[in-house]
Amino acid sequence: MKKCGYFFLAIVFPPTILHAGDCDATQIAEIDLAMGRTGVLADQARVSLPTDSGAVTAGYTKWFGAYSDARRDHLRFVFSQIKVTTTAGTREYFCYHDSESYCTSPYTDAWVENDQPYKIHFCASFFQLSTVDQDPLMIHELSHFLENGGADASATSADGHHCSNANSCEMLAGSDPEKSVRAANLIEFYVRDL
Ligand SMILES: [Zn+2]
């Protein structure tokens, strides 16, 4: 039934991709390729999740802490929604020079506003990344949208994330699994390890 519903939706509302900002044709082509790979990665991540408490992997425990069916279900939802975002619906791309907007930070290659689906902002530095880095970053960005689970929507840290690097994120997973499945950096670290 679900598949029929989706098929129906795809027929009535064909995916619309609006390209805005100053993305040039080369950038748009590269983003589209990244979207395609990200959809594959989201599927891979969804099926990698434990089926039950007896099937928990080291990677799951490392990045998401103590297992529960409810938290696993939340992650399934996140990865499913990310896949949908890469294949259907309206996306809008914005491209910036590294001297513009949030791109002046050396740590920012892309960003989104979680309540503005599905506008994705790319710094010039994004296009310097290898695909090994682009794809997990896309998973990260798409996980922020409220429709996709709203990772870090309640974060109060200065950079807007529940944790900022591998060490602090791993500690968060150990101490607060509820928050860790709702942290974009942890979702990113998990898919990087797949
Ligand atoms: Zn983020």
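Determine if region 120-128 includes at least one residue that is assigned to a loop (DSSP other than H, G, I, E, B) and touching a Lys or Arg at 6+ places or on another chain (Cβ under 8 Å).
no
Do the conditions hold for D133, that is, is it modelled with pLDDT of 95 or more, surrounded by fewer than 16 Cβ atoms within 10 Å (Cβ to Cβ), within 16 Å of the ligand (Cβ to nearest atom) and under 17 Å from the mean Cα position of the chain (by Cα)?
yes
Which of the residues spanning region 158-194 are within 11 Å of the ligand (Cβ to nearest atom) and over 25 Å from Q44 (Cβ atoms)?
Answer for region 158-194, where residues must be within 11 Å of the ligand (Cβ to nearest atom) and over 25 Å from Q44 (Cβ atoms): D159, G160, S164.
Scan region 34-60 residue by residue and report those that are in contact (Cβ under 8 Å) with a residue 60 or more places away in the chain and over 13 Å from I82 (Cβ atoms).
S48, G59, Y60, listed by residue number.
Could you give every pair whose Cβ atoms fall below 9 Å, whose first residue belongs to region 126-140 and is under 16 Å from Y102 (Cβ atoms), and whose second residue is small (G, A, S), counting only separations of at least 6 or pairs across chains?
Taking only residues 6 or more apart or on different chains, the pairs are F126/A34; F126/A110; L137/A34; L137/A110; H140/A110; H140/A151; H140/A184.
Could you check region 144-159 and list, in sequence order, the residues that are touching a residue at least 60 places away in the same chain (Cβ under 8 Å), out of contact with any Phe, Trp or Tyr (no Cβ under 7 Å at 6 or more places or on another chain) and part of a loop (DSSP other than H, G, I, E, B)?
Residue satisfying the conditions is A151 alone.
For region 106-119, enumerate the residues that are within 12 Å of the ligand (Cβ to nearest atom) and either part of a loop (DSSP other than H, G, I, E, B) or surrounded by fewer than 18 Cβ atoms within 10 Å (Cβ to Cβ) (or both).
Those that are within 12 Å of the ligand (Cβ to nearest atom) and either part of a loop (DSSP other than H, G, I, E, B) or surrounded by fewer than 18 Cβ atoms within 10 Å (Cβ to Cβ) (or both): Y107, T108, D109, V112, E113, N114.
How many of the residues in region 68-84 are farther than 20 Å from D135 by Cα, of a type outside the set (K, R) and in contact (Cβ under 8 Å) with a residue 60 or more places away in the chain?
Going through region 68-84 one residue at a time, the tally reaches 2.
Just need a number here: residues in region 160-194 that are surrounded by 13 or more Cβ atoms within 10 Å (Cβ to Cβ), out of contact with any His (no Cβ under 6 Å at 6 or more places or on another chain) and not in a helix (DSSP H, G or I).
Going through region 160-194 one residue at a time, the tally reaches 8.
Could you please give the count of residues in region 114-156 that are among the charged types (D, E, K, R) and in contact with a strand residue (DSSP E or B) (Cβ under 7 Å, 6 or more places away or on another chain)? If you could, list the steps in order and put the result at the bottom.
Keep residues of region 114-156 that are among the charged types (D, E, K, R), which gives 115, 119, 133, 135, 141, 147, 152.
Narrowing further to those that are in contact with a strand residue (DSSP E or B) (Cβ under 7 Å, 6 or more places away or on another chain): 119, 141.
Total meeting the criteria: 2.
Here is a list: I82, I139. Which entry is over 21 Å from S164 (Cα atoms), within 16 Å of the ligand (Cβ to nearest atom) and crowded, with 17+ Cβ neighbours inside 10 Å?
Step by step, each of I82, I139 is checked, and only I82 is over 21 Å from S164 (Cα atoms), within 16 Å of the ligand (Cβ to nearest atom) and crowded, with 17+ Cβ neighbours inside 10 Å.
The values are calculated or read from the model by the stated rules, or taken from the named source; none is laboratory data. Everything numeric in this text was worked out from a predicted model, so none of it was measured. For neighbour counting, all protein chains shown are included, and Cβ atoms are generated from backbone atoms with ideal geometry for every residue, glycine included.
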